[in-house]
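Read the structure below first, then the notes.
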Amino acid sequence: MSQVDSTREHLIETYRKKAKHYDITSRLYPAPGYPQRAQRHLAAQALGLRAGDSVIDMACGTGLNFRLIEDVIGPDGRIVGVDLTDAMLARAQDRIKTNGWRNISLVQADAVNFEFPAEVDAILSTYALSQVPECAEVIAHGAAALSQGGRWVVLDLKVPGNTPGWLAQLGTATVRPFAAIDEWVMRRPWEAIRAAMKDELADVSWTELCFGTAFLAAGSGGPGPRSSA
Ligand SMILES: C[S@@+](CC[C@H](N)C(=O)[O-])C[C@H]1O[C@@H](n2cnc3c(N)ncnc32)[C@H](O)[C@@H]1O
């Protein structure tokens, strides 16, 4: 098994264990009192959605973003939720059934292998893309599928800019659900995400949240001036 495969296996096993209580425990993520809900609202707003839009929720987990999206796109819109972990998708399916949503479909896939449908209006990924080693590829694949003016929005955690390495490892060890903390800190995936968005999208914005412990990155599809963000 390659390194990537064993990392994926470990990640799936971790989220299988977390899935049942994820909606409760995620409220403590990455720490009790962390403004995760407020950050999700900011991310949903950054999508600039309209009624009838089609949206991909990449690494959707149990579907905690679905309500925020549904409230704007309405029954004529469409959501495709993509995730690697079957148990997380099973919880998402429960949420869809409970709410009677008929316009959401779920796909079990690795983000890097997912074939984005053409001309999608918006793509969202929250607290997930930095766990995907090929995050830059995922940004590029999504950008190629966006309609002109369609929006790609990423919300995720990061290590604040001037944090000493040992403190970053200590802090992230408490919040990351898998063993490869050192790898995550060293790899600095938020930088790859930012660079890929600048390369692939127009009008890119980059906002650090909560003392630099999270970021909201957004950009638009189609031709246009590349951003200096
Ligand atoms: C912390 S959860 C976030 C879930 C959801 N986006 C949210 O905001 O609650 C991370 C999710 O990313 C998924 N994931 C991790 N790596 C993935 C990959 N390579 N492809 C697709 N999903 C992935 C996991 O299965 C898990 O459901």
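Quick note: the coordinates plus some simple rules give every number you see, no bench work behind them. A quick note: this is a predicted structure, and the numbers were derived from the prediction, not measured. In this analysis, Cβ positions are derived from the backbone assuming ideal geometry, glycine residues included, and neighbour counts consider all displayed protein chains.
Peptides 209-218, 80-89, 7-16 ranked from most to least packed give 80-89, 209-218, 7-16, packing being the mean of other C-beta atoms within 10 angstrom over each peptide's residues.
Please report the antiparallel percentage of the DSSP beta bridges confined to the chain, to the nearest 5.
Working: 14 of 33 bridges.
Counting only bridges with both partners in the chain, antiparallel ones make up about 40 percent.
When Rg and the Kirkwood radius Rh are both evaluated on Cα atoms of the chain, their ratio Rg/Rh stands at 0.94.
With the simple spin-label model, which puts each label point 7 Å out from Cα in the Cβ direction, the F211 to V107 separation comes to 4.0 nm.
So, counting K/R as plus one and D/E as minus one, what does the shell of residues with Cβ under 11 Å around A140 add up to? For residues surrounding A140, the net value is -4. Where only DSSP H runs of four or more residues are counted, the chain gives -12500 deg cm²/dmol as its mean residue ellipticity at 222 nm, each run worth -39500 (n - 2.57).
Extension gain for H10-D76 works out to 20.0 nm (0.36 nm per residue, less the C-alpha to C-alpha distance). Relative to its Kirkwood radius, the Cα radius of gyration of the range 36-144 gives an Rg/Rh of 0.93.
Peptide packing for 68-74, 126-132, 192-198, 23-29 was compared via the average number of neighbouring C-beta atoms within 10 Å per residue; ordered from the highest value, the list is 126-132, 192-198, 68-74, 23-29. When the C-alpha to C-alpha distance is required to be over 30 Å, the pairs from K17/K158; K18/K198; K20/K158; K17/K97 that qualify are K18/K198.
Pop the C-beta distance of R37 and T98 into the FRET formula with R0 = 22 Å and round what comes out to the nearest 0.05.
On the way: r = 19 Å, r/R0 = 0.87.
FRET efficiency, R37 to T98: 0.70.
Measuring nothing but how far apart in sequence close Cα pairs (under 8 Å, 6+ apart) lie, relative to its length, the chain scores a relative contact order of 18 percent. The residue list A144, C60, V112 was ranked by how far each Cα lies along the charge dipole of the range 31-151 toward its positive end, using unit charges on Cβ atoms, and C60 comes out on top. Under a model in which nothing but the beta-carbon of Lys, Arg (+1) and Asp, Glu (-1) is charged, the chain shows a dipole of about 720 debye around its Cα centre.
If you place +1 on the Cβ of every Lys and Arg and -1 on the Cβ of every Asp and Glu, how big does the dipole about the Cα centre of the range 41-175 come out, in debye to the nearest 20?
Numbers: 9 positive and 15 negative charges, 78 e Å.
Charge dipole of the range 41-175: 380 debye, to the nearest 20.
Kirkwood analysis of the Cα pair distances in the range 1-79 returns a hydrodynamic radius of 14.6 Å.
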